[in-house]
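Chemist: Handing you a structure now.
The values are calculated or read from the model by the stated rules, or taken from the named source; none is laboratory data. As the structure is a prediction and not an experimental result, all values here were calculated from the model. Virtual Cβ from ideal backbone geometry, glycine too; neighbours counted across all protein chains shown. Side chains included, ligands, DNA and RNA excluded: accessible areas come from the protein's heavy atoms. Shrake-Rupley method; radii C 1.70, N 1.55, O 1.52, S 1.80 Å.
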Amino acid sequence: MKLKGKTEQGKPHGWTMGEIKVLRANGRLGAKALLFILNENRAITRPEVAPLTMSAIYHKAYDLRLSLRRKGSYAGRRMALPASMRIGDVGKAADLVRSGRIDMATVARNVIADAHGELTLCPSCSKRPATVRDTGLCVACHKALLIEHLNDAADAYEVKKQQWVAQQRVSRARRAVSDAEAE
């Protein structure tokens, strides 16, 4: 017969409060380091209990709502945030990232390149790094310039349409005059 919290021989098994405190205090070391620490501790304090497994560490951390990611790790986290950051810390940008309007990989690349001194400032605004290779401008200035040129092209097309309408009127008037003379 198996009792809850005890083995068949009546000896306790499972997690002690001390092990849970170690798990809480050292979660940022990662699961492998915690496995080593806790099993070393168990071998000394409770040799009759079986050593922990990685899945036991993960399951207990999940039950306690702890993160076992090492400090600075980006793996397995929403939006590639470091372990020391919470989603609420990001603010309005989190909504833009979730909606897909901001690409976090591109932002991370730009931050790294800026830290290494590989990015130059945009010659148009001198506020943001010049990241668009074709124009040598920042994305905002590049898009603004693109919109400006598209609006100019649309205006030129409207003028061209008005010219075609005027040419058609003149052509019809000539035809009307030539038809009237022919009669």
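Chemist: Among residues other than Asp155 whose Cβ falls under 12 Å from its Cβ, what is the net charge (Lys/Arg +1, Asp/Glu -1)?
Modeler: Result for the local shell: -1.
Chemist: Given a 1.4 Å probe, how much area per residue of region 109-152 is accessible, in Å²?
Modeler: 77
Chemist: Summing Lys, Arg as +1 and Asp, Glu as -1, what charge do residues with Cβ under 14 Å from the Cβ of Gly18 carry, Gly18 excluded?
Modeler: +3
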